[in-house]
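The values are calculated or read from the model by the stated rules, or taken from the named source; none is laboratory data. This is a predicted model, so every value here is computed, not measured. With ideal geometry, Cβ positions are generated from the backbone for all residues, glycine too; neighbour counts draw on all protein chains shown. SASA here: full protein model, heavy atoms, side chains in, ligands and nucleic acids out. Shrake-Rupley method; radii C 1.70, N 1.55, O 1.52, S 1.80 Å.
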2 protein chains.
Amino acid sequence: MSYQSYFSKHDCKRILPPTWVHGPYPPELQRRLSLLDPKEWITMGSGTPNKDFFSVKNITVNHSIDLHYHKDSKDSHINSFFIGEEVNQNDVQKSDSKIEEVFEYSPDPAGLDSTFEIIKKLIKKFEIFKDFKSDKMTEDDYDYCLTSGTSASSYYLCQILLDESKTILSEELTFTGIMANVSMTRANIVPFNLNMEANDENNENPIDVNYLAHLLENWSSIYPDKAFPTLLYTIPVQNPTGLVQKIEHKREVYNLLKKYKILIMEDDPYAYLTLTNELRDDCDLTSKTEFEVQKQVYYNAMRKAGSYLSIDTDGLVIRCESFSKNFATGLRLGFIIGPKPIVSRVKNYIECSTREISGLSMTVFNQCCKGMDELLCRNLKTNDIEQFDGWIQWCINLCILYRHKQMFLYNELTKKSTRSGKKLFSCLKPTYGMFIFIKLNLEEYKSKALEDPQALSEAMQYMDYKLLENNLEAVVGSRLTVSVEHSFKKCGFVRVTTSQAKDDKQLIECSERVTDAIEKFFDEYLTDKQPYPVVL
Amino acid sequence: MSYQSYFSKHDCKRILPPTWVHGPYPPELQRRLSLLDPKEWITMGSGTPNKDFFSVKNITVNHSIDLHYHKDSKDSHINSFFIGEEVNQNDVQKSDSKIEEVFEYSPDPAGLDSTFEIIKKLIKKFEIFKDFKSDKMTEDDYDYCLTSGTSASSYYLCQILLDESKTILSEELTFTGIMANVSMTRANIVPFNLNMEANDENNENPIDVNYLAHLLENWSSIYPDKAFPTLLYTIPVQNPTGLVQKIEHKREVYNLLKKYKILIMEDDPYAYLTLTNELRDDCDLTSKTEFEVQKQVYYNAMRKAGSYLSIDTDGLVIRCESFSKNFATGLRLGFIIGPKPIVSRVKNYIECSTREISGLSMTVFNQCCKGMDELLCRNLKTNDIEQFDGWIQWCINLCILYRHKQMFLYNELTKKSTRSGKKLFSCLKPTYGMFIFIKLNLEEYKSKALEDPQALSEAMQYMDYKLLENNLEAVVGSRLTVSVEHSFKKCGFVRVTTSQAKDDKQLIECSERVTDAIEKFFDEYLTDKQPYPVVL
């Protein structure tokens, strides 16, 4: 039976760009892939932290099939199981969460008050509103709303703020989830340019502000058929490039957007993962003094990047955070901070649709967050810490772990990039987050790929084939852009992440496979050695 | 700053009917309400089971702020806390869920495979497809998708199946969440009549099939401006009336809809809560023989109601289930079963928007479901049970507990209904679920309220005032209808639920307050005794 006539006429326009999808494959590649050992498969594609990055090591559940009508129930009527590692529990403390918070509806579909409280304190602690100054509003004019992560947040915000008569701006290379979100509103999405030369040394703005200024100034001649934008989407610790907007860069962008009263959706899941060298990995974890020093180092690194919220004089900024990268993706927990009138509409949307997030997720998060203070106190042998300093220690530890992985892979790749005798690729040195951006040297060694968007897409598809043949998943640049047409000259790259890598040994193996795939790409593509055609 | 120009032009049309909202209040009522003791407040409004209905008694979490770069971590680096009751854990078993299932993204955004497996087995066990026979499709032509509950399910389905050019049919009295879902698609919603005379004895169809047949046959003259419906929404264990469609009633409705190829969205969260007297509350819970008898009794009760799926010869049925009522609302866990082409579009929608549900919720559900078998085996002192018989025992226990509460309140209310010397109200005898429908005798004692929709709405608002003055929350009929205009003669009722009531004592108190409120309503409303006006 065909269901075509039953579907909403809008349904066919809801499209997730296939960032995580591979293929189509030519038959010969299909044959080769079928010979690979699935156990040897390594993914460097999805930014899901592996279990080394989980704070929770063990969850034990005690449950019963008895109900209170059967009053003689004893603990023998309790079944106990655990998920995770076996641990020797000592001194299990009763938490201040009620079990109703876990298993009943939250009184407020936008989230549990107890979780809001923690989030507000974390926001204060991290000085997200640092030096906030406005003659139009105060911090109290912003509100909070929990969601199941930044994907959900940006989905809701697009639903609230876009329709078929509106336009949203996005970095030309980006997390393509936003394109799915926009496709569901039938709004226009228009890319703006990144400045790929920006780095920590030259301190240039990773957003090409001149381009953006020119675009806005000449909008009606450049995009005569599209409405002037009302919203800009940005990932300040950029995905996929890893470029980082520091607070002075944000100010530059903000001042431009303010002129046009364009709202800013700041999608900042990697904000807390600084890779700064100033965080020491040989700290005495039992020393309060050393902790305080590290904490200030961490704060300083955070402040360098800052948030658009801290400079939001005009109430234009909506910030999306997530606990996916610094706590656990599987909890599905994130939040939005934005001007009250906007957040109130998000809450309305949630009430009308999916109705809130898991009470179990919120409560476990709450208590872990509090428990981290307990752990820090135990390490430091003092109760003299500030609330949620434990969370800071946790974030610092995460940063050090990520820095190790990121720099290790960066160094390995950089070392191998000239192995063939040619400089086939170069990596952007990561300073935040979990991605490494590997730029292929197409200009010099495969310039045909840069001739037009189609040529680039085909080349990158072949690049993906080579990665897959090496039993490795990564994401090629043509799948991480708003428009290959607009950005094809910048799409000659591979994005890898270290978040799933188990250890240094595996990172070496990763760098080996990536390098080999790139070498084969340059060696074979568009030559007689190419064993199969590209299918798009 | 006004954000009006930023909002999607569709946003203002997203409206959740204020079922759970009270007011507006006249000043005198406001004063009276401010004097009430909030600690004495009782809610009979929301169908959230209270903690007596939770299987999980204790969740213990063991977590750390150390990461593996700090390899000397021992269990002393673990903090342990619990939520819920203190229990003596004995023999904690390692579950077969990996911690990655809890804390990483599910590989499939539609849910964990492990959860799907359980759900499919439960569906088989409960014979949801019993006697399924079709020459057009097989059970394999249906697919499954997890969601965060039936609210989310019906939201997604409306997004997939409705648009501004379509029409959905709904029972005239209903869960108003569906109206919010429909409002977001800008489709038309049209009520069809319930047969309020239907009951367990006369076995009449609670859906007024003659009305529905007439409506469909004469659609273009009755609703000349609305598209012919493509979808019908039904709650077979009806909310708010508690009326139950048995399988023969479903067949009657299905055969009618089949003629017109109208899809059916079966929203069935209360399906597993039968209140049948045949389930014994004095069972020997250690006897395998008695368990087997009870299990057959339970199955028989289930079969009497059945599912539209079992009679779906033409692939028109989409079933929504939820674990909110028989496990825990706070987990946010439910699922959809429907024809593959439809479910595949739901999955696409989820991928493009909210992206999956909590791994923690799914995994804890999985393991509790399995652990119930362990508990049953322990009770029965045998391992000779079928898989998920433990879940059956759990459901049976829930049913017995609900039956007790429901019948207790029903009897109390029925006893008190003539206390004033007049039969002021009557209750529909509940046979499933957690609601009691209290019909006010407006015809005899307050017929002015039935004169027109406005009169009814005002009367019901006053009824709500009286309930609130008694420090009691319930839902009045005018807030549980698709259209007061269409249904005002049936809206003279109060819906109460026993799911939050702690014990018999509180149920007596509830019945007292409800009766008192109703008596005051009849005594005061539209007379000189009425102390304040109605504000709408």
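A few remarks follow.
- Check on A:PRO224, without any contact (Cβ under 8 Å) to a residue 60 or more places away in the chain and either aromatic (Phe, Trp, Tyr) or surrounded by fewer than 19 Cβ atoms within 10 Å (Cβ to Cβ) (or both): yes
- Some residue of the range A:240-262 being farther than 16 Å from A:PRO206 by Cβ and buried (at least 23 other Cβ atoms within 10 Å of the Cβ): no
- Some residue of the range B:15-33 being surrounded by fewer than 21 Cβ atoms within 10 Å (Cβ to Cβ), more than 9 Å from chain A (Cβ to nearest Cβ) and within 30 Å of B:GLU351 (Cβ to Cβ): yes
- Residue count for the range B:48-68 satisfying the condition of being open to solvent by less than 10 Å² (accessible area, probe 1.4 Å), touching a strand residue (DSSP E or B) at 6+ places or on another chain (Cβ under 6 Å) and more than 28 Å from A:LEU380 (Cα to Cα): 3.
- Some residue of the range A:207-218 being at pLDDT 95 or above, within 14 Å of chain B (Cβ to nearest Cβ) and surrounded by fewer than 23 Cβ atoms within 10 Å (Cβ to Cβ): no
- For A:LEU526, the conditions (1) at negative phi; (2) more than 30 Å from the chain's Cα centre (by Cα) all hold with the exception of (1).
- Unique residue being at pLDDT below 90, open to solvent by 40 Å² or more (accessible area, probe 1.4 Å) and farther than 14 Å from A:GLU356 by Cβ when the list is A:LYS94, A:LYS74: A:LYS74
- Those residues of the range B:326-337 which are more than 7 Å from every other protein chain (Cβ to nearest Cβ) and out of contact with any Asp or Glu (no Cβ under 7 Å at 6 or more places or on another chain), in sequence order: B:ASN326, B:PHE327, B:LEU333, B:ILE336, B:ILE337
- Taking first residues from the range B:495-516 that are closer than 10 Å to B:LYS405 by Cβ and partners that are open to solvent by 50 Å² or more (accessible area, probe 1.4 Å) and of a type in the set (Asp, Glu), the Cβ contacts under 9 Å between residues at least 6 apart in sequence or on separate chains come to B:ALA501/B:GLU509.
- Some residue of the range A:119-134 being out of contact with any Asp or Glu (no Cβ under 6 Å at 6 or more places or on another chain), polar (S, T, N, Q) and more than 24 Å from B:HIS63 (Cα to Cα): yes
- Looking only at residues of the range B:169-196 that are hydrophobic (A, V, I, L, M, F, W, C) and under 17 Å from B:ASP11 (Cβ atoms), we find that the one that is nearest to the other protein chains (Cβ to nearest Cβ) is B:ALA180.
- Taken over the range A:1-46, residues that are in a loop (DSSP other than H, G, I, E, B), over 30 Å from B:THR167 (Cβ atoms) and modelled with pLDDT of 90 or more amount to 11.
- Where B:GLU127 falls short, out of the listed (1) in a loop (DSSP other than H, G, I, E, B); (2) in contact with a Cys (Cβ under 9 Å, 6 or more places away or on another chain): (2)
- Candidate set from the range A:415-440 (those that are within 20 Å of A:ASP464 (Cα to Cα) and free of Cβ contacts under 8 Å to residues at least 40 places away in the same chain); member that is least open to solvent (accessible area, probe 1.4 Å): A:CYS427
- Number of the exception - B:THR329 against (1) among the β-branched types (Val, Ile, Thr); (2) touching a residue at least 12 places away in the same chain (Cβ under 8 Å); (3) open to solvent by 10 Å² or more (accessible area, probe 1.4 Å): (3)
- Among the residues making up the range A:130-142, those that are open to solvent by 20 Å² or more (accessible area, probe 1.4 Å) and either part of a helix (DSSP H, G or I) or of a type in the set (Ser, Thr, Tyr) (or both) are A:SER134, A:THR138, A:GLU139, A:ASP140, A:ASP141.
Table: residues versus (1) closer than 30 Å to A:GLU201 by Cα; (2) surrounded by 17 or more Cβ atoms within 10 Å (Cβ to Cβ); (3) out of contact with any strand residue (DSSP E or B) (no Cβ under 7 Å at 6 or more places or on another chain).
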| site | (1), (2), (3) |
| --- | --- |
| A:GLU278 | yes, no, yes |
| A:GLU292 | yes, no, yes |
| A:PRO341 | no, no, yes |
| A:LYS347 | no, yes, no |
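- Among the residues making up the range A:355-384, those that are open to solvent by 10 Å² or more (accessible area, probe 1.4 Å), free of Cβ contacts under 8 Å to residues at least 24 places away in the same chain and either within 8 Å of another protein chain (Cβ to nearest Cβ) or not in a helix (DSSP H, G or I) (or both) are A:ARG378, A:ASN383.
- Flag for A:ASN88 being open to solvent by less than 10 Å² (accessible area, probe 1.4 Å) and within 9 Å of chain B (Cβ to nearest Cβ): no
- Residue within the range A:101-121 that is surrounded by fewer than 17 Cβ atoms within 10 Å (Cβ to Cβ), in contact with a strand residue (DSSP E or B) (Cβ under 8 Å, 6 or more places away or on another chain) and modelled with pLDDT of 95 or more present: yes
- Against the list (1) closer than 23 Å to A:TYR299 by Cα; (2) within 17 Å of the chain's Cα centre (by Cα), the condition A:ASN199 fails is (2).
- Within the range B:143-168, the set of residues being surrounded by fewer than 24 Cβ atoms within 10 Å (Cβ to Cβ) and more than 10 Å from every other protein chain (Cβ to nearest Cβ) comprises B:ASP143, B:TYR144, B:THR167.
- Only residues that are within 12 Å of another protein chain (Cβ to nearest Cβ) and closer than 25 Å to B:GLU356 by Cα were counted in the range B:131-142, giving 1.
- Filter pass, B:LEU409 being within 30 Å of B:LYS439 (Cβ to Cβ) and facing another protein chain (nearest Cβ under 9 Å): no
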